[in-house]
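*Asks:* My questions will all concern the structure given below.
Read-outs: derived from the displayed coordinates by stated rules, not from any lab. For clarity, every value in this text was computed on a predicted model and none was experimentally measured. Using ideal geometry, Cβ is built from the backbone for each residue, glycine included, and neighbour counts are taken over all protein chains shown.
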Amino acid sequence: MILETGDELARADRDVGSRLKSLNRIIRSVQAFGRELSGYPSNVQASASDVGIGLALGGRTYKLKFGHHGGNQPVMNLETRKVEITAQNHGFAVDPDSLDSNEVALTHMNLNDQTLEGLRHKSLPLFSVQYHPEASPGPHDSAYLFDRFAKMMEEFKK
């Protein structure tokens, strides 16, 4: 768990066999994070990130009819209105209507089916995306996320 290890970064395991175990750890960690600390950098970047963060923040998930698999998945950054070409491999999404809009900002949307692809907590240093920004099919469309995370960590250290 993030709080037990003191890690500043949690990454969900891509191995299908350990994904559920990782997801449960993420949910417990984010819930404890929100209860125990006033701020602690945490960014979970992997396919299960939005699902884990969304559940931890009280949201609901649902199974996608076909899932999102492979490259060339168009995702709009709702804060900049720019479209990123992403690589994805997941079969579930967070229902955006189940999240508290006073606490959570929706940041990314899949343009193929209008599903939630990213979120940001409004008061905690926490954000996630439901795709693989490190895969760079765009080729560098999502590189800014790593800069945002590094800046968030630096601001927290002050």
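*Asks:* Could you go through segment 71-76 in sequence order and give the Karplus-derived ³J(HN,Hα) for each residue, using 6.51 cos²θ - 1.76 cosθ + 1.60 with θ = phi - 60°, rounded to whole Hz, and x for Gly and Pro?
*Replies:* Result, ordered by residue: x, 6, 8, x, 10, 8 Hz.
*Asks:* Starting from a Cα-only point model with no solvent, please compute log10 I(q)/I(0) by Debye for segment 47-158 at q = 0.14, 0.20, 0.24 1/Å.
*Replies:* -0.53, -1.08, -1.46
*Asks:* Follow-up question, since we're still on this one. Could you pull out every residue, at least 5 positions away or on a different chain, whose amide H is within less than 5 Å of the one on Leu126? Hs are placed 1.01 Å off N in the peptide plane, and Pro or chain starts have none.
*Replies:* His121
*Asks:* Hey, got a sec? Which trypsin sites (Lys or Arg not before Pro) in segment 67-142 land in a DSSP loop and have at most 14 other Cβ atoms within 10 Å? Present the calculation step by step, with values, prior to reporting the outcome.
*Replies:* Details: sites: Arg81, Lys82, Arg120, Lys122; in loops: Arg81, Lys82, Lys122.
Passing both the DSSP loop test and the Cβ count: Arg81, Lys82, Lys122.
*Asks:* Then there is this: Residue by residue through segment 81-90, what is 3J(HN,Hα) from phi via Karplus (6.51 cos²θ - 1.76 cosθ + 1.60, θ = phi - 60°)? Round to whole Hz and write x for glycine and proline.
*Replies:* 3J(HN,Hα) across segment 81-90, in whole Hz: 6, 7, 9, 10, 9, 10, 9, 9, 7, 8.
*Asks:* Could you pull out every residue, at least 5 positions away or on a different chain, whose amide H is within less than 5 Å of the one on Thr86? Hs are placed 1.01 Å off N in the peptide plane, and Pro or chain starts have none.
*Replies:* Sorted by chain and number, the residues that satisfy this are Asn72, Gln73, Val75.
*Asks:* For segment 89-129 and segment 63-81, what is the separation of their C-alpha centers, rounded to whole Å?
*Replies:* If we compute the Cα centre of each part, the gap is 11 Å.
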